[in-house]
Amino acid sequence: MQSSDTQPLAIRAQDIWLPPNLLSVSRILITPLVGYLLSRQTASATAACIALLIIAAITDALDGYLARRLKMQTGLGLVLDPLADKLFAAVLLIE
């Protein structure tokens, strides 16, 4: 989102520590694990993958909610959230 005066939000490194951005980063970090588990094709790997998919869905909803509710919308978050979504979707499609 942009600020009220229509200036783009700055991307600042320290914003990585805000809870909504940490949730987006967590989705990025679990993406390779989901890909690995999908490639294993075992019952236990499938169960773990389903659990991670549920966690990813919860963090996706929660990061947006927190950013809006706590007024923590940042330029970094505007990059991280769609990046996490696209990486996750790409891994799911490839596997």
Relative contact order for the chain: what percent, with Cα pairs under 8 Å and sequence separation of 6 or more?
46
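On a 1.4 Å probe surface of the protein chains, which of ARG69, ARG40 comes out largest in accessible area, and what is the full order?
I get ARG69, ARG40, largest accessible area first.
Please find the FRET efficiency linking ALA10 to ARG68, where r is the Cβ-Cβ separation and R0 is fixed at 22 Å, and quote it to the nearest 0.05.
0.75
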Residue-normalised accessible area of the chain, given per residue in Å² at a 1.4 Å probe
65
Given a Förster distance of 22 Å, the FRET efficiency implied by the Cβ-Cβ spacing of TYR36 and ILE58, rounded to the nearest 0.05, works out to 0.60
If you roll a 1.4 Å probe over the chain with all protein chains in place, what percent of the accessible area is carbon or sulfur?
68
Which one, GLN7, LEU87, LEU62, is farthest towards the positive end of the dipole of the chain when Lys and Arg carry +1 and Asp and Glu -1 on their Cβ?
LEU62
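The values are calculated or read from the model by the stated rules, or taken from the named source; none is laboratory data. Since the model is a prediction, treat every value here as computed from it, not as a measurement. Neighbour counts run over all protein chains shown; Cβ positions are idealised from the backbone, glycine included. Heads up: the accessible areas ignore ligands, DNA and RNA and are worked out on the full protein's heavy atoms, side chains in. Shrake-Rupley method; radii C 1.70, N 1.55, O 1.52, S 1.80 Å.
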